[in-house]
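Engineer: Please see the structure below; I have some questions.
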């Protein structure tokens, strides 16, 4: 006997069909307890909502769930890296300024060479 919902089976044959089987369907009746999960509500611009509605085959809640899980994973990785870091906030600020200055110089040099 196999449950049509969870594919649970009784390999030892201990389940009595008279106890667990609906007489007209001959199926095992399993109690499926689904843990309550929190819900969130998102606000999206009307144009985005229209485009989402145009794609009913996509499970948008699954898309958002995966994006949230990915972002949390990235944040946890950053937390793990910064926990071991010896840099202060001032050090990070100084590095940020140096990197941005280097990028600005590279961009300006590329722009000058493309005009020549």
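Values in this text are rule-based calculations from the coordinates and carry no lab data. Model, not experiment: these values are computed from the prediction. Positions of Cβ are backbone-derived with ideal geometry, glycine not excepted, and every protein chain shown enters the neighbour counts.
Engineer: For the range 46-115, what's the radius of gyration and Dmax over Cα atoms, in angstrom?
Structural biologist: For the range 46-115, the Cα-based Rg and Dmax read 20.7, 50 Å.
Engineer: Which residues does the label zone of residue 99 cover in the range 69-92, counting backbone N under 20 Å from a point 7 Å along Cα→Cβ?
Structural biologist: From the range 69-92, the list is 71-92.
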